[in-house]
Amino acid sequence: MAQFEEVSRKSALHTKPEGLVLQYGTAGFRTSARLLDHVMFRMGLLATLRSRKTRAIIGVMVTASHNPEEDNGVKLVDPMGEMVASAWEGYATVLANAEQDTLVAALEDVIEREAISMDQQASVFLGRDTRSSSDSLSQAVLDGVSALGGQSRDYGKVTTPQLHYMVCCQNTQGRYGDATVEGYYQKLSRAFIQLTKNVSNRTDDQKHLLVDGANGIGALKVCELERYLQQELKLSLVNDGSSGKLNHLCGADYVKMQQKAPAGVEMRAGERSCSFDGDADRIVYYYRDSAGSFHLLDGDKIATLISTYLKDLLTQAGLDLQIAVVQTAYANGSSTDYLENTMKVKVKCTKTGVKHLHHAAQEFHIGVYFEANGHGTVLFSAAAEDRILQLSQDPNINDERKRAAFLLQNTVDLINQTVGDAISDMLLIEAVLAIRGMTIQQWDSIYTDLPNRQLKVKVAERGVIVTTDAERRTLSPAGLQETIDSLARKYGQGRAFVRPSGTEDIVRVYAEAANQESADALAYEVSLAVHRLAGGVGEEPKPPQ
């Protein structure tokens, strides 16, 4: 076929480094940018095939999120803005690793397996982050799309959630929104203003938020957003990319892992601050108290704030809709206890990885999911959206139900349901705090996190760790789970689990306990057990500093 001749010709311009093997994981492909040119070309090919298979727009996002500046990556976006189907992750891995002379055969295999008509039109939306490598790598994607006769729309520099949003808007023929960056800002800002404009006694201090843009794409987009907010939210931006390095000593991942403010942030006592990650799909909040102590409000705190707000509105509206919070094993035990036993909200635990949380959240009328790292959103079923809309338009309801329905309707519009979105989540959190008249300290005091510690252990082969029960327990190697159980029993409120990394030969260790000293000790002792029983590489782990 002439198309495959073009693939072969263009593929020769995007050669694969000899011996390189990569795996498409939860975050797509992610590694040193200098190794990715051939991968980008081939993901352009795959996105074109996926578009023909689904008869819909497919997205390709060039980003390495919270990784260092010198890395890059790519992930595919399915028609409703969700992550690409699992089977196609396997195709992505096969194509990325195919040698030059077997690439066409690998393509033909996908076409045959999926019964793809090559006469079907194909269209791909492309976005990229601010990394210096992203422009050339994006061109490689476009080369792949054109090599198979696909059409493309290049959005240039956008956040990852914005690209997911565009794909969903286009594939719903505009029902979800206008597939432009301006349309995104207009939809979110309109909903935010509707939610906050009638909040009484809201001072300038309460309207002010300090935002750490991680020197990434989120910083650029926050600047664009602010003019749409009509002074209802005033943003002070730090780490805006004008001088600092992407994700270096800043960003959501840094703040979460280091438990301290990013570089460039000088906080007054009680001042609300938040950090995005490099592609603006994660957010965490934090503040300093009057004694100077740092307080982090991570994904668990965010999920609790949002789910309790929504549950109260459903009660006020008289809507019998099931709301649930989806967590992973990394969720702090105090958050789970508060949701289940105080708020009486259903909690479901699932494997780590956004696709697992997203899928589980779809089981409920309203599913709130956030990983502890700050990546998450809220999903509303079609039935839930219909019932909220019907109630908001019902002229025969009392004022309390009318107000609750109005708030619910605008809350639905404020949320980017396709994927975790730092900008959308930020506006939602700010709206909830305003509506409930809460300070960040009051939000933080809803429950007290159990002290915890995360460590990692380098092993020869991560596959030796096999887990079950949503990754909370290990099946192998033999004796490891029994050792973890025994160690956890030594400490008050002790809990620990281990899981293999999805991308490298390390085992991640999580521990929590009644105090930080115990959490640190438990994490260290579990790390030693992993090193000894699971083929640790190099020196034994050292106690956390």
Filter result (open to solvent by 30 Å² or more (accessible area, probe 1.4 Å) and among the polar types (S, T, N, Q)) within region 466-479: Thr467, Thr468, Ser476
Filtered residues of region 346-358 (kept if open to solvent by 30 Å² or more (accessible area, probe 1.4 Å) and at pLDDT 95 or above): Lys346, Lys348, Cys349
Here is a check on your reading of the model: is Ala27 over 12 Å from Leu137 (Cβ atoms), aliphatic (A, V, I, L, M), out of contact with any helix residue (DSSP H, G or I) (no Cβ under 8 Å at 6 or more places or on another chain) and touching a residue at least 60 places away in the same chain (Cβ under 8 Å)? yes
Scanning region 265-276 residue by residue, the ones that are within 23 Å of Leu427 (Cβ to Cβ) and open to solvent by 50 Å² or more (accessible area, probe 1.4 Å) total 1
Residues satisfying the stated conditions in region 371-425, i.e. modelled with pLDDT of 95 or more, part of a loop (DSSP other than H, G, I, E, B) and among the hydrophobic types (A, V, I, L, M, F, W, C): Ile415, Val419
Being within 27 Å of Glu517 (Cα to Cα) and part of a loop (DSSP other than H, G, I, E, B) is the filter here, so list the residues in region 471-497 that pass it. Glu471, Arg472, Gly479, Arg489, Lys490, Tyr491, Gly492, Gln493, Gly494
Step by step: first the residues of region 182-223, then only those that are open to solvent by 70 Å² or more (accessible area, probe 1.4 Å) and charged (D, E, K, R), then the one that is nearest to Ala261 (Cα to Cα). Which residue is that? Asp205
Quick check: anything in region 60-71 touching a Phe, Trp or Tyr at 6+ places or on another chain (Cβ under 7 Å) and either in contact (Cβ under 8 Å) with a residue 24 or more places away in the chain or over 28 Å from Gly463 (Cα atoms) (or both)? no
Which residues, taken from region 281-307, are in contact (Cβ under 8 Å) with a residue 60 or more places away in the chain and more than 23 Å from the chain's Cα centre (by Cα)? Asp289
Residues of region 443-465 classified as outside any loop (DSSP other than H, G, I, E, B) and either open to solvent by 60 Å² or more (accessible area, probe 1.4 Å) or touching a residue at least 40 places away in the same chain (Cβ under 8 Å) (or both), total: 12
So, in region 79-96, of the ones that are touching a residue at least 40 places away in the same chain (Cβ under 8 Å) and part of a loop (DSSP other than H, G, I, E, B), which residue ends up least open to solvent (accessible area, probe 1.4 Å)? Gly81
How many residues, within region 417-445, are within 18 Å of Ala191 (Cβ to Cβ) and among the polar types (S, T, N, Q)? 3
Residue satisfying all of: in region 230-264; outside any loop (DSSP other than H, G, I, E, B) and not hydrophobic (A, V, I, L, M, F, W, C); least open to solvent (accessible area, probe 1.4 Å) among these: Lys256
When you scan region 144-161, do you find a residue that is under 22 Å from Gly25 (Cα atoms), among the hydroxyl-bearing types (Ser, Thr, Tyr) and open to solvent by less than 20 Å² (accessible area, probe 1.4 Å), even just one? yes
What are the residues in region 329-345 that are open to solvent by 10 Å² or more (accessible area, probe 1.4 Å) and within 18 Å of the chain's Cα centre (by Cα), if any? Tyr330
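Okay, residues lined up against (1) open to solvent by less than 50 Å² (accessible area, probe 1.4 Å); (2) in contact (Cβ under 8 Å) with a residue 60 or more places away in the chain; (3) aliphatic (A, V, I, L, M):
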site: Phe380; (1), (2), (3): yes, no, no
site: Pro395; (1), (2), (3): no, no, no
site: Arg401; (1), (2), (3): no, yes, no
site: Val419; (1), (2), (3): yes, yes, yes
site: Ala422; (1), (2), (3): yes, yes, yes
site: Ile435; (1), (2), (3): yes, yes, yes
site: Ile440; (1), (2), (3): yes, yes, yes
Is there any pair linking a residue in region 193-213 that is farther than 14 Å from Leu229 by Cβ and charged (D, E, K, R) to one that is open to solvent by less than 40 Å² (accessible area, probe 1.4 Å) and assigned to a loop (DSSP other than H, G, I, E, B), with Cβ under 8 Å and at least six apart or on different chains, and which? Asp212/Asn239; Asp212/Cys250; Asp212/Gly251; Asp212/Pro262; Asp212/Val265
Out of all the residues in region 55-64, is one or more more than 15 Å from His164 (Cα to Cα) and surrounded by 19 or more Cβ atoms within 10 Å (Cβ to Cβ)? yes
Does Ala269 satisfy the condition of being modelled with pLDDT of 95 or more and over 27 Å from Val345 (Cα atoms)? no
Residue list for region 97-129, restricted to those being over 20 Å from Ala87 (Cα atoms), out of contact with any strand residue (DSSP E or B) (no Cβ under 6 Å at 6 or more places or on another chain) and buried (at least 19 other Cβ atoms within 10 Å of the Cβ): Asp129
Condition first: without any contact (Cβ under 8 Å) to a residue 40 or more places away in the chain, open to solvent by 10 Å² or more (accessible area, probe 1.4 Å) and closer than 30 Å to Asp178 by Cα. Can you find one or more residues in region 308-318 that meet it? yes
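Yes/no per residue for (1) under 18 Å from Ala64 (Cα atoms); (2) within 21 Å of the chain's Cα centre (by Cα):
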| position | (1), (2) |
| --- | --- |
| Phe4 | no, no |
| Lys16 | no, no |
| Thr26 | yes, yes |
| Thr31 | yes, yes |
| Leu36 | yes, no |
| Met40 | yes, no |
Among the residues of region 498-519, which ones are open to solvent by 30 Å² or more (accessible area, probe 1.4 Å) and either part of a helix (DSSP H, G or I) or without any contact (Cβ under 8 Å) to a residue 12 or more places away in the chain (or both)? Gln516, Glu517
Hey, can you tell me all the residues within region 297-321 that are aliphatic (A, V, I, L, M) and within 19 Å of Asp421 (Cα to Cα)? Leu297, Ile302, Ala303, Leu305, Ile306, Leu310
What number of residues within region 43-82 are polar (S, T, N, Q) and under 19 Å from Gly149 (Cα atoms)? 3
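The values are calculated or read from the model by the stated rules, or taken from the named source; none is laboratory data. Predicted, not measured: the structure shown is a model, and the values here were computed from it. As a convention, Cβ positions derive from the backbone with ideal geometry for all residues, glycine included, and neighbour counts pool all protein chains shown. These area figures cover heavy atoms from the full protein model, side chains too; ligands, DNA and RNA do not enter into them. Shrake-Rupley method; radii C 1.70, N 1.55, O 1.52, S 1.80 Å.
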